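Accompanying notes for the structure given below.
The values are calculated or read from the model by the stated rules, or taken from the named source; none is laboratory data. Values in this document were obtained by computation on a predicted structure and should not be read as measured data. We place every Cβ from the backbone using ideal geometry, glycine too, and count neighbours over all the protein chains shown. All accessible areas refer to the heavy atoms of the entire protein, side chains included, with ligands and DNA or RNA removed. Shrake-Rupley method; radii C 1.70, N 1.55, O 1.52, S 1.80 Å.
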Amino acid sequence: MEQPSSKRFIAIGSMLFALFFGAGNLIFPAAMGQSAGANVWWAVLGFCVTGVGLPLLGIIAVGYSGCRDLREVASRVHPLYGLFYTVVCYMAIGPCFAIPRTGTVSFEIAVRPFLGADPSAFALPIFLAFFLGISCWLAASPSKLVDRIGKFLTPALLVTLAVMIVMSFATPMGDFQAPGKAYDEPIKAAFQGVLDGYNTLDAIAALVFATLIVNSVKEIGFTDPKAISSQVMKSGMLAGLLLALVYIFIAKIGAESVAAIGMQDTGAPVLAESAKVFFGSFGAYLLAAIVLLACITTAVGLLTCCAAFFMQLTGKFTYVQWVIGFTVISYLIGLFGLKTIIVSTIPVLMFIYPLCVALIALIFLHKFFGGRQCVYAWTMGFTFVMALVNGAETAGISMTGLEEVLKAYVPLHTYGMGWIPFAIVGFVIGLIWKVAVPAKAQNAAA
């Protein structure tokens, strides 16, 4: 039997990059670059931790765990937690936030600039119907995902991006400006970059996409576990490298743009106005191509994964029916507009991301503590508490007195990462519990 080509990881890695690289990956590095100014490289370093490093670790972690999917991995904490966390993740990267965001960002950058100062109220609904309709059609036949995305759309996207990046070096818009308050010191800029990287949703998506990548490797003929792991790792590293390069250059463009276009509210107008500076009216068309390619590919991948998961979870309705259903939900949420979606997403991410990072760390430490459920449970329990606090604070929910106590006594809380010491304490308690309560006794008590 003929062995599959080891170079196939290039197509799969390109597909993975295309699935990751969407709306948030375009607008958030650009906005961060503007705000970070002279400290942009520190901010990019932090951004790459959560925007590149964590997604790569997430993919490797799921493969390393030997589990079939995210639910099985999360169920190491408890089966009910596994169900809860998996549903929350799928809804966040699916119809509640990420899919509608791909459509609204596409509209703001690729369509609104052509509609004049006062666009029709019907423009967004019509565009979303077109955008999500194409995404729905592509997602309805996932067996061709590698060919459609890895072989065609991703190279076209990279070429389009490369043209704009080259122009940013040939004719830079200006010098880096003074950094904003959240980035006014190098360490602060790095920590803020880590939080900015949350917005990409990629670490959460990686736990979901890992199953798709492993299945893609198997479908092309790899059967040996070591060969599968090797191909998955190579694909992930290729996607991570491409993401890092794009983030670096988009952040650079944002940092140099302030002198030419002024400070903008979001990354969408940063990119739109920068393209006009580089290319004139042609820049708007170029950027439209970038956004549509990036966002459609991401929407397709998210629809595919969400539909497959909920069909398997419920055992009801067909795959195509789930795709159509999530397309409709995404359309209705997308009608609220980009600003509303971004504002409502951030508190949820401040809750989900600590749980995501803690779970990835536990997967790699699994053999160290013998895979005992008590270690998973204590660690995730303590992390859960601070994740709730992070989400509540970001949502503006008043916690009189508590916030001051946390800032005074919990390391890193000022930087939005107070969950880290909490997770460490939970992990230590779990290890103590592991020694104090033998596995048989714990299982009997359960």
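Step through the table entries Lys218/Lys316; Lys407/Lys434; Lys188/Lys407, compare each Cα-Cα distance with 21 Å, and write down the pairs that go over it. Let's see the in-between values first.
Values: Lys218/Lys316 26 Å; Lys407/Lys434 31 Å; Lys188/Lys407 15 Å.
Listed pairs above 21 Å: Lys218/Lys316; Lys407/Lys434.
Dipole of the chain computed with +1 at Lys/Arg Cβ and -1 at Asp/Glu Cβ about the Cα centre; of Gly63, Leu238, Cys96, farthest Cα towards the positive end is Gly63.
At a 1.4 Å probe radius, which order do Thr50, Thr340, Thr414 fall into by accessible area, largest first? Intermediate results must be reported in sequence, preceding the final value.
On the way: Thr50 5, Thr340 70, Thr414 100 Å².
Greatest to least solvent exposure: Thr414, Thr340, Thr50.
Pull up the cross-link candidates among the aspartates and glutamates for Lys234, meaning alpha carbon to alpha carbon under 19 Å and not fewer than 8 places away within one chain. Within reach: Asp147, Asp202, Glu219, Asp224.
Accessible surface for the chain, divided over its residues, is 42 Å² per residue with a 1.4 Å probe. Only protein heavy atoms count here; under a 1.4 Å probe, Ser230 has an accessible surface of about 50 Å². Note on the chain: GNM, Cα springs under 10 Å; of Val348, Val428, Val357, the largest mean-square fluctuation is that of Val428.
What's the carbon and sulfur percent of region 5-335's accessible surface, probe 1.4 angstrom, rounded to a whole number? Write out the running numbers ahead of the final one.
On the way: 8720 of 12720 Å².
Carbon-and-sulfur percentage of accessible area, whole number: 69.
In the chain the longest region clear of trypsin sites (Lys or Arg not before Pro) that are loop-assigned by DSSP and have at most 16 other C-beta atoms within 10 Å covers 69-315. A Cβ-based charge dipole, computed about the Cα centre of region 198-257 with Lys and Arg at +1 and Asp and Glu at -1, lands at about 120 debye. Taking the charge dipole of region 201-356 about its Cα centre, with +1 at Lys and Arg Cβ atoms and -1 at Asp and Glu Cβ atoms, the residue from Leu303, Leu313, Ile213 reaching farthest to the positive side is Leu313.
Working out 0.36 nm times the residue gap between Phe130 and Val320, then minus their Cα-Cα distance, what length gain in nm do you get to one decimal? Write down the numbers at each step before the final one.
Values: separation 190, 0.36 × 190 = 68.40 nm, distance 1.79 nm.
Length difference between fully extended and current span is 66.6 nm.
Mean-square fluctuations from a GNM of the chain, with a 10 angstrom spring cutoff on Cα atoms, peak among Pro186, Pro95, Pro29 at Pro186.
Magnitude of the Cβ-charge dipole of region 1-134, K/R +1 and D/E -1, about the Cα centre, nearest 20 debye?
My answer is approximately 220 debye.
Listed by number, the DSSP H helices of the chain that run 27 Å or longer by alpha-carbon position along their axis and have mean Kyte hydropathy of at least 1.6 are 281-314, 338-364. When the chain is treated as a Gaussian network with alpha carbon springs shorter than 10 Å, the biggest mean-square fluctuation among Asp196, Asp69, Asp118 belongs to Asp118. Dipole orientation for region 5-335: of the candidates Ala23, Tyr183, Gly13, Gly13 has the Cα lying most toward the positive pole (charges on Cβ; Lys, Arg +1; Asp, Glu -1).
Going by the alpha-carbon gyration tensor, a ≥ b ≥ c the square roots of its eigenvalues, is region 5-335 rounded (a/c under 1.5) or, if a/c is not under 1.5, prolate (a/b greater than b/c) versus oblate? Intermediate results must be reported in sequence, preceding the final value.
Working: a/c = 1.70, a/b = 1.38, b/c = 1.23.
Since a/c reaches 1.5 and a/b is larger than b/c, the shape of region 5-335 is classed as prolate.
Give the residue list of chymotrypsin sites (Phe, Trp or Tyr not before Pro) in region 93-127 that are DSSP loop and have at most 12 other beta-carbon atoms within 10 angstrom. Answer in residue order: Phe122. Placing unit charges on the Cβ atoms only, positive for Lys and Arg and negative for Asp and Glu, gives the chain a dipole magnitude near 1200 debye about its Cα centre.
Helical content alone sets the calculated 222 nm signal of the chain at -24000 deg cm²/dmol, taking -39,500 (n - 2.57) per DSSP H segment of four or more residues and averaging over every residue.
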